[in-house]
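Here is the structure we will look at.
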Amino acid sequence: IRDSVGDERCDLLVVGAGYSGLWTALLAKERDPARDVVLIEAKEVGWAASGRNGGFCAASLTHGRANGLSRWPDEYATLEKLGLANLDAIEEAVQRHGIDCDFERTGEIDIATQPHQVAELREAADEAARLGLGRPEFLDRDALRAHVDSPTFLAGLWDREGVAMLNPARLAWGLRRACVDAGVRLYEHTPAQALTSDTDTVRVRTPFGRIRARHVALGTNAFPSLVRRTRPYLVPVYDYALMTEPLTAEQLDAIGWQGRQGLSDSNNHFHYFRITTDNRILWGGHDVVYHFGNRIHPDYDQRPDTFRTLARTFFRCFPQLEGLSFSHRWGGVIDTCSRFSPFFGTAHGGRVAYAAGYTGLGVGATRFGADVMLDLLAGERTERTELEMVRSKPLPFPPEPVRWAGIGVTQWSLTRADARAGHRNLWLRTLDRVGLGFDS
């Protein structure tokens, strides 16, 4: 770990020390231990989305099976195989590096809370079985409530192997230690301000000096990219969560949550929730907030109206926990793109690579994205780089004020669809047809 002023040189410069940058730096050293790798971070390792997320580490690279099948049907089986291998590799790395992050491969249950969603989950289970894409288990009302008891639960779809639960900040801190142990030179509190290049060098300016590198990998995600042409593909949206006090044994018995699976409901404005190792419930989601002009600001991390809404919906789900207090509340920014899943590319003659647009599923998929960036920088043709998902880009979001107005209309339409048994109005159906979406 370095803290100094002056110019630096390296083989690979990684910008951003969230999961994306941490995995890229670590995998770069594993591929070539002699490679000189520098990792810079504007604040501290894992301070943004990597340290604030819900702790769902999913195998999915495509924001779920339905989205993947609709966009890349011919290669979806490969994407699912690569996603599961990536999750296995994360589990192996956690064990090999001794990262104490409460990793539990308990799976996730998607939950129907409205009658029309029951049929959708059953159809999803049938489709997965027909295509040979895993074996998610359909749970009827009684079977689901035997796992977790809520009067709002009507059915569930349990992906047993494709999702792990973990402590997100501890994963980031563990990857930080693994990077330093591998010889990565880490500079925190060192924001990247500009990127330029000449015939054989890429230069990144910081407040403390310039860094000259043969290659640069960008892991800035929701924050403005140093490759300006990629900015129209992303919008930063804010997501929020509450954490309860630890449940007593009696409270745990009242909800019967024994399997420790991650849970999420099937609404457009959905909730995700999980139980931690010290028996707190993390309850997040519902609101997705965009600020005009792609604005990001620390003031947006707290939103009392959303926290009140989350508390109301929590006790609607678990009325048997009435009176339980919340000990923590927080928010953070997510990088979302119109296809809900990451996109990739290079710039400056192939010497700069980027990956972004994880849309809330970056806990697992960023490791895959790190491998893609390293493949692209090496100029290698691999199974990853040959994917249409990797070679294509999402549709860009329109400029302001159309962007802000369109997101607002979309949010209103999604709320209306939740209230009307999932019926999607003309606006949403049009977005579906052109492949332009908005999600968290």
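The values are calculated or read from the model by the stated rules, or taken from the named source; none is laboratory data. The shown structure was predicted, so the numbers you read here are calculated from the model rather than taken from an experiment. All Cβ positions, even for glycine, are placed from backbone atoms using ideal geometry, and neighbour counts span all protein chains on display. Calculation scope for accessible area: heavy atoms of the full protein, side chains included, ligands and nucleic acids excluded. Shrake-Rupley method; radii C 1.70, N 1.55, O 1.52, S 1.80 Å.
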(request) For the chain, calculate the relative contact order in percent as a whole number, restricting contacts to Cα pairs under 8 Å that are 6 or more residues apart. (result) 22 percent
(message) Run lengths n ≥ 4 of DSSP H only: what is the helix-derived mean residue ellipticity at 222 nm for the chain, with -39500 (n - 2.57) per run over all residues, to the nearest 500?
(response) -10500 deg cm²/dmol
(request) Return, ordered by residue number, the residues of segment 148-165 whose backbone nitrogen is under 20 Å from a label point located 7 Å along Cα→Cβ of R135. (result) 156-164
(request) Sum up the charges of everything whose Cβ sits under 12 Å from the Cβ of G435, counting Lys and Arg as +1 and Asp and Glu as -1, but leave G435 out. (result) +3
(request) Under 1.5 on a/c is rounded, so check that first for segment 282-405, then, if it is not, pick prolate when a/b is larger than b/c and oblate when it is not; a ≥ b ≥ c are the square roots of the alpha carbon gyration tensor eigenvalues. (result) prolate
(request) Rounded, prolate or oblate: pick one for segment 188-228, where a ≥ b ≥ c are the square roots of the eigenvalues of its C-alpha gyration tensor, a/c under 1.5 means rounded, and failing that, prolate if a/b is larger than b/c, else oblate. (result) oblate
(request) Heavy atoms only, probe 1.4 Å: what % of the accessible area of the chain goes to carbon and sulfur, would you let me know? (result) 51 percent
(message) If you count only protein heavy atoms with a 1.4 Å probe, what accessible area per residue comes out for segment 239-335, rounded to a whole Å²?
(response) 43 Å²
(request) With an 8 Å cut-off on Cα pairs and a minimum separation of 6 or more residues, tell me the relative contact order of segment 138-210 in percent. (result) 17 percent
(message) Going by average Cβ density within 10 Å per residue, which order do the peptides 193-203, 17-27 take, highest to lowest?
(response) 17-27, 193-203
(message) Please compute the modelled spin-label separation between E388 and V180, points set 7 Å along Cα→Cβ, answer in nm with one decimal.
(response) 4.5 nm
(message) Under 8 Å for C-alpha pairs, at least 6 residues apart: give me the relative contact order for segment 277-385, rounded to a whole percent.
(response) 18 percent
(request) Might you report the magnitude of the Cβ-based charge dipole of the chain about its Cα centre, with Lys and Arg at +1 and Asp and Glu at -1, to the nearest 20 debye? (result) 1340 debye
(request) Any chance you could run the full-extension gain for K43 through D11? It's 0.36 nm times the residue separation minus the Cα-Cα distance, nm to one decimal. (result) 9.2 nm
(request) Taking the Cα centre of segment 331-440 as origin, work out the dipole magnitude from +1 charges on Lys and Arg Cβ and -1 charges on Asp and Glu Cβ, in debye rounded to 20. (result) 360 debye
(request) Sum up the charges of everything whose Cβ sits under 13 Å from the Cβ of P224, counting Lys and Arg as +1 and Asp and Glu as -1, but leave P224 out. (result) +3
(request) Report the label-to-label distance for R308 and T346 in nanometres (one decimal), using points 7 Å from each Cα along the Cα→Cβ vector. (result) 5.3 nm
(request) Could you calculate the FRET efficiency of H116 with Q320 from 1/(1 + (r/R0)^6), where r is the beta carbon distance between them and R0 is 41 Å, rounded to 0.05? (result) 0.95
(request) Would you mind pulling out the separation of the Cα centroids of segment 53-126 and segment 361-399, in Å? (result) 18 Å
(message) Can you divide the C-alpha Rg of the chain by 2.2 N^0.38 Å and report the result to two decimal places?
(response) 0.96
(request) Would you mind getting me the FRET efficiency between Q95 and W427? Use the beta-carbon distance for r and R0 = 45 Å, nearest 0.05. (result) 0.45
(message) If I model a spin label as a point 7 Å beyond the Cα along the Cα-Cβ vector, how far apart are those points for A419 and R105 in nm?
(response) 4.4 nm
(message) Check which residues have an amide H placed less than 5 Å from S197's amide H, if you skip close sequence neighbours.
(response) R203
(request) Mind giving me the FRET efficiency for D126 and T199? R0 is 56 Å, r the Cβ-Cβ distance, nearest 0.05 is fine. (result) 0.50
(message) Could you give the length gained by full extension between R381 and R214, i.e. 0.36 nm per residue of separation minus their alpha carbon distance, to one decimal place?
(response) 58.2 nm
